Amino acid sequence: MRRRIERLRRIERLRKQMHEMSTWRLAVVVHEREKLTTTHAEMLEALGEGLMAFGPAAAAGTRRVRAIEMEMKIADLVEKDLEARVLEAGRLAKLADRSLDSARDEWREKTDRSSLQELIDASVNADTASRKR
């Protein structure tokens, strides 16, 4: 039973780490998406002013804006996928935690029952021994 609890403890620790890692990855993607949004707004603003508004610079700027928009779409898809993974990792971590708690409760109950049985046996034996005198 102790080996089972130790295995469940390791599984629970691993699941928590996986959940933390998924959460961290999601935070990185959200940060990258926010940077892309800022860059996109800056590029649009730059395209409307000065030398970037006309000629080859405007064409290059427009291509860059389109590329940023594509990166933003990809980041949105990745973010949605990672959100689902974070939820799944959290669910599995919680499940592992509950399994560990259940195994600990079962083990505690088993040891309490055996302790109670030993106490009953000891009191019955002591009572029987005192009657024989």
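Below is a table of values for the structure above.
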{"item": "Residues of segment 88-103 satisfying the condition of being farther than 11 Å from residue 14 by Cα and aliphatic (A, V, I, L, M)", "result": "95, 100, 103"}
{"item": "Any hit, segment 59-82, residues being of a type in the set (Gly, Ala, Ser) and on the phi > 0 side of the Ramachandran plot", "result": "no"}
{"item": "Hits in segment 56-68 (condition: modelled with pLDDT of 90 or more and either in contact with a Leu (Cβ under 9 Å, 6 or more places away or on another chain) or open to solvent by 80 Å² or more (accessible area, probe 1.4 Å) (or both))", "result": "63, 64, 65, 66, 68"}
{"item": "Residue in segment 63-75 that is in contact (Cβ under 8 Å) with a residue 40 or more places away in the chain, within 36 Å of the chain's Cα centre (by Cα) and assigned to a helix (DSSP H, G or I) present", "result": "yes"}
{"item": "Filter result for residue 38 (among the β-branched types (Val, Ile, Thr) and at pLDDT below 90)", "result": "no"}
{"item": "Test for residue 87: is it within 30 Å of residue 1 (Cα to Cα) and of a type in the set (A, V, I, L, M, F, W, C)", "result": "no"}
{"item": "Only listed residue being in contact with a helix residue (DSSP H, G or I) (Cβ under 7 Å, 6 or more places away or on another chain), charged (D, E, K, R) and more than 21 Å from residue 23 (Cα to Cα), chosen from 104, 108", "result": "104"}
{"item": "Residues within segment 10-49 that are more than 15 Å from residue 65 (Cα to Cα) and open to solvent by less than 80 Å² (accessible area, probe 1.4 Å), tallied", "result": "10"}
{"item": "Residue in segment 9-16 that is over 30 Å from residue 110 (Cα atoms) and basic (Lys, Arg) present", "result": "no"}
{"item": "Pair list, Cβ under 7 Å, 6 or more apart: segment 15-27 residue on the phi < 0 side of the Ramachandran plot, other residue open to solvent by 60 Å² or more (accessible area, probe 1.4 Å) and of a type outside the set (S, T, N, Q)", "result": "22/85; 26/83"}
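The values are calculated or read from the model by the stated rules, or taken from the named source; none is laboratory data. Computed from a prediction, not measured in an experiment: that's the story for all the values here. Glycine also receives a Cβ, built like all others from the backbone with ideal geometry; neighbour counts cover every protein chain displayed. Just so you know, the surface numbers come from the protein's heavy atoms only, side chains and all, with ligands and any DNA or RNA stripped out. Shrake-Rupley method; radii C 1.70, N 1.55, O 1.52, S 1.80 Å.
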